[in-house]
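> First, the structure itself, so that you have it in front of you.
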Amino acid sequence: MGNKGFGLFGGFGKAMSFGRSSAKVYVKAQTGKTFADVAGQDEAKEALAEIVDFLHCPDKYAEIGAKLPKGALLVGPPGTGKTLLAKAVAGEADVPFFSISGAEFVEMFVGVGAAKVRDLFRQANEKAPCIVFIDEIDTIGKKRDGQTGGSDEREQTLNQLLTEMDGFDGKKGVVILGATNRPESLDPALLRPGRFDRRIPVELPDIAGREAVLRVHAEKVKLADDIDLNAVARATAGASGAELANIVNEAALRAVRSGRKAVSQSDLEESVEVVIAGYQRKNAVISQSEKEIIAYHEIGHALVAAKQKNSAPVHKITIIPRTSGALGYTMQIDENEKFLLSKEEVFSRIAVLTGGRSAEELVFGTFTTGASNDIEKATKLARTMVTRYGMSSSFDMMALETTDNKYLGGNTSLNCSPETAAEIDKEVNSVIKKAHEKALSILSENMGKLKELSGFLLEKETITGEEFMRILDDNAVSAV
Ligand code: ADP
Ligand code: ZN
C-alpha cells in the first residue's frame, strides 16, 4: 500500500541511489492524537497505558530492573483503529512517532529492505524514547516457508528486523508497535519473548463501541437536534471504526449538498446505506415490469422475516437501485446485539434469504437472476452450519472446515476426505431446500399480504418497517 511504485519508472541506477539515500526521515514530529480520539477499545487502551507510562518515565522501570516488552502487536480487522491507537500512544507519551508500512520495506531489489530497517532503527535510537510503528507487518513477517520469488528479500528484511529488535537496549525507550490483520501468517520468530511478545486484540466494535465511535466523529460536525446515534449504531452491526467515521462524514457531505447547516438523522441513515450499498442511482432506467418483480422479491424477503419467530425485525425496504448493483434491499435490524445464533436463527436467516426468489416463483412462475447474491449468502450460511457449527443432522461436533483468516473473512479450507466433502455438499443443499420450502409455504399462506405490500412498495419505492408492519397487521384488508 505504501509502495511508492518507483519500480514503474525507476531505472537500475535510480534504485541504487534510492538504496543509498534511504536516509529518509521517518519521524513525524508529534501525532497530536490521544486516547480520547480512540472510541471504545478499552482493553487495548489499558494494555497500551503501561507502554505510555514506560515512555514517560523509563527510569522507574530501569531502577527496579523491569524490562518492558520491546514490541506489541496490534491484531485485528482493517479499520478498527490500530494505526490510530499507535499514534495515540505516541501522543499520550509525548514522544516522536516513526511510521512505516511493511510493504515499503519489501522493495524490488535485494538488500534495500534490510538497509531501510537499519536506517529506521538508527534514527529511532537517536530519538529515543519514541514509538516505531510498522503497519502491515505481515508483509515482511510472513512465515519463512521457502516460497520462491521475492521471499529472499523478505527474509533478509525480516532477519534484519529481528536482529535490530534483539540488539537494541530495552531500557532506552524505543517501543515497536506492529499492526496486522493476518496474525496466523506471522513468522513465529517474531513472536518470541523479547520481540512482539505482547499481542493486543483490536476487534470490531460492539454496539456501545459503535455508538462511541460515532460520537467521537459526530463531535467534529454540526448536528441537528433529532440525532439518535444509538439507532445508527444498531443499524451498523459489523461496521469498523473507519466505516463509522466515513458514515458521519458522508452525512455531513449530504447535508451540505442539500443546503442545510446541520446533519440530520436522515442524513445519517442515508449514509449508512451509502456505505453499505453505494449511492442511489437516481437516473437508472428500470422498466415497470422489472420494478414489479423487484418489489415482490423484496417483500418476499420481508414477509418471510416477519412471519418467523427467530428473525430480526424489518427496518426498511427499498427498490431504489444503488451503485453497488443492488436493485433493492430489505434491511433488518436486531433489537439487541447478538453474539450467539441458535440453529433455528441461522435456519431462519437462510429462509429469509430464499424469500425473494420464492416470491418470484409464486407470483410470476419463473426465476430471475436477481437472487444471485441471496444464493451466495444462503449457501455460505448453510455451509458453515454443516462444516463449522455442528448444526447438521449427518455430522456430529466435527470440524470439517477451518478458516484461514479470521479477520479478512476470506478463505476456508476443508479438512476431510473427498467422500465427506461430497456428503457436505448434499447436506448443504438439503438445508437450503428445507429453508426454501419454508419460505414458499409462508408466502403462499400470505399471498394477499404479499400482493398488497408489493403494490404499496412499488408505489412508494421505499417503505419503513413500521409501514410494513401496519399493513401486515391490518386484518381488514387481508381478507382480499
Ligand atoms: P487500522 O489501522 O486498524 O486499519 P485506522 O487506525 O487506520 O485503522 O483507522 C482509520 C480511521 O478510522 C481512523 O483514522 C479513525 O478516523 C477511524 N477509527 C477507527 N477506529 C476508531 C475508533 N476506535 N475510534 C475513533 N475513530 C476510529
Ligand atoms: Zn434478494
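> I'd like to verify a number: residues in the range 185-227 that are out of contact with any helix residue (DSSP H, G or I) (no Cβ under 6 Å at 6 or more places or on another chain), open to solvent by 60 Å² or more (accessible area, probe 1.4 Å), away from ligand 1 (no atom under 12 Å from the Cβ) and under 30 Å from VAL272 (Cα atoms), how many?
Result for the range 185-227: 3.
> Follow-up. Can you name the number of the only condition in (1) away from ligand 1 (no atom under 16 Å from the Cβ); (2) without any contact (Cβ under 8 Å) to a residue 40 or more places away in the chain; (3) open to solvent by 10 Å² or more (accessible area, probe 1.4 Å) that ILE333 fails?
With (1) away from ligand 1 (no atom under 16 Å from the Cβ); (2) without any contact (Cβ under 8 Å) to a residue 40 or more places away in the chain; (3) open to solvent by 10 Å² or more (accessible area, probe 1.4 Å) applied to ILE333, the lone miss is (2).
> Which of (1) at pLDDT 95 or above; (2) touching a strand residue (DSSP E or B) at 6+ places or on another chain (Cβ under 6 Å) does HIS217 not meet, given it meets every other one?
(2)
> Of the numbered conditions (1) within 16 Å of ligand 2 (Cβ to nearest atom); (2) at pLDDT below 95, SER358 satisfies every one except a single condition; which is it?
(2)
> Please find, within the range 30-53, the residue that is least open to solvent (accessible area, probe 1.4 Å) out of those that are touching a strand residue (DSSP E or B) at 6+ places or on another chain (Cβ under 8 Å) and modelled with pLDDT under 85.
THR31
> On to the next question. How many of the residues making up the range 86-142 are among the basic types (Lys, Arg), under 22 Å from ARG199 (Cβ atoms) and either free of Cβ contacts under 8 Å to residues at least 24 places away in the same chain or assigned to a helix (DSSP H, G or I) (or both)?
Counting residues in the range 86-142 that are among the basic types (Lys, Arg), under 22 Å from ARG199 (Cβ atoms) and either free of Cβ contacts under 8 Å to residues at least 24 places away in the same chain or assigned to a helix (DSSP H, G or I) (or both) gives 1.
> Within the range 394-404, can one find any residue that is in contact with an Asp or Glu (Cβ under 6 Å, 6 or more places away or on another chain) and in contact (Cβ under 8 Å) with a residue 40 or more places away in the chain?
No, because not a single residue in the range 394-404 is in contact with an Asp or Glu (Cβ under 6 Å, 6 or more places away or on another chain) and in contact (Cβ under 8 Å) with a residue 40 or more places away in the chain.
> For GLU427, only one of the following conditions fails: (1) open to solvent by less than 50 Å² (accessible area, probe 1.4 Å); (2) at pLDDT below 90; (3) not aliphatic (A, V, I, L, M). What is its number?
In the conditions (1) open to solvent by less than 50 Å² (accessible area, probe 1.4 Å); (2) at pLDDT below 90; (3) not aliphatic (A, V, I, L, M), GLU427 misses (2) alone.
> Which members of the range 163-180 meet the condition of being touching a residue at least 40 places away in the same chain (Cβ under 8 Å) and not in a helix (DSSP H, G or I)?
Within the range 163-180, PHE168, GLY170, LYS171, LYS172, GLY173, VAL174, VAL175, ILE176, LEU177, GLY178, ALA179, THR180 meet the criteria.
> Is one or more of the residues making up the range 443-450 in a helix (DSSP H, G or I) and open to solvent by 70 Å² or more (accessible area, probe 1.4 Å)?
Yes - at least one qualifying residue is present in the range 443-450.
> Working carefully through the options ALA235, ALA277, find the one that is more than 16 Å from ligand 1 (Cβ to nearest atom), buried (at least 17 other Cβ atoms within 10 Å of the Cβ), aliphatic (A, V, I, L, M) and in contact (Cβ under 8 Å) with a residue 60 or more places away in the chain.
After ruling out the rest, the residue left standing is ALA235.
> May I ask you to list the residues in the range 361-390 that are of a type in the set (Phe, Trp, Tyr) and within 14 Å of ligand 2 (Cβ to nearest atom)?
PHE367
The values are calculated or read from the model by the stated rules, or taken from the named source; none is laboratory data. Not measured: the values here are computed from a predicted model. Positions of Cβ are generated from backbone atoms using ideal geometry, with glycine treated the same way; all protein chains shown enter the neighbour counts. Accessible surface areas use protein heavy atoms only, side chains included; no ligands, DNA or RNA. Shrake-Rupley method; radii C 1.70, N 1.55, O 1.52, S 1.80 Å.
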